[in-house]
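Novice: Below: one structure in structure tokens.
The values are calculated or read from the model by the stated rules, or taken from the named source; none is laboratory data. What you see is a predicted model, and the numbers here were worked out from it, not measured in a lab. We place every Cβ from the backbone using ideal geometry, glycine too, and count neighbours over all the protein chains shown. Each accessible area value is taken on the protein alone, full model and side chains, heavy atoms only, with ligands, DNA and RNA left out. Shrake-Rupley method; radii C 1.70, N 1.55, O 1.52, S 1.80 Å.
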Amino acid sequence: MGDEFSEARNRAKSTIQNKWQALARIRTIGWITTIESAEGMYPFIRQQTSKLGDRISHHLPVLIFQSRESPPKEMEVAVPYRSPTGNPYNTRILATIQLDDARVTQLSEFAQAIWFAIDQQMLPSASNSKSLGEALLTWTGKDLLQL
């Protein structure tokens with residue numbers, strides 16, 4: 001791979017490190033390793049995920065963005081899927097409320113950066129939740145992952 005992805009790696013890390021604070025003001029982030037588990041926990045996503053079918057990128061986690069109260073009043077679920085050209089980092093944002101384009105873009109860019117960083121082994125796999133959380137904390141701050 002060498003330098004082929006060097007610029008993309010830098011861009012992904014920069015996106016996470018430079019955009020997390022704006023996101024953390026309104027959301028916390030979490031992840032689920034399988035789409036099936038996400039559908040079980042958040043049934044409102046099933047209709048849209050069924051439309052994605054076998055294009056869902058099962059090796060990447062589903063990202064959960066929740067509003068900053070307990071229990072959360074608003075939630076977005078970022079589902080990774082492959083485009084017809086094979087890009088595994090496309091994002092479907094499924095939300096409990098209507099989102100404006102700016103919010104969809106914010107969540108999509110952040111999710112894509114995390115997925116790319118996981119795929120490039122810059123971040124640990126989501127299957128090791130503790131390690132992924134610790135790595136994200138070193139790149140961001142605790143406010144992104146905690147209420």
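Novice: For the range 100-126, which positions are free of Cβ contacts under 8 Å to residues at least 24 places away in the same chain and of a type in the set (Val, Ile, Thr)?
Specialist: Within the range 100-126, Val104, Thr105 meet the criteria.
Novice: Another one. Looking at Asn18, is it over 28 Å from Glu134 (Cβ atoms) and not hydroxyl-bearing (Ser, Thr, Tyr)?
Specialist: Criteria not met by Asn18.
Novice: Still on this structure, please answer the following. State which residue is surrounded by the most Cβ atoms within 10 Å (Cβ to Cβ) when the search covers only the range 88-132 and only residues that are over 13 Å from the mean Cα position of the chain (by Cα) and part of a helix (DSSP H, G or I).
Specialist: Checking each candidate, the answer is Arg103.
Novice: From the list Gln47, Gln21, which residue is farther than 24 Å from Ser83 by Cβ and either open to solvent by less than 10 Å² (accessible area, probe 1.4 Å) or not β-branched (Val, Ile, Thr) (or both)?
Specialist: Gln21
Novice: Please specify each residue of the range 50-87 satisfying the condition of being touching a helix residue (DSSP H, G or I) at 6+ places or on another chain (Cβ under 7 Å), open to solvent by 20 Å² or more (accessible area, probe 1.4 Å) and not in a strand (DSSP E or B).
Specialist: His58, Arg82
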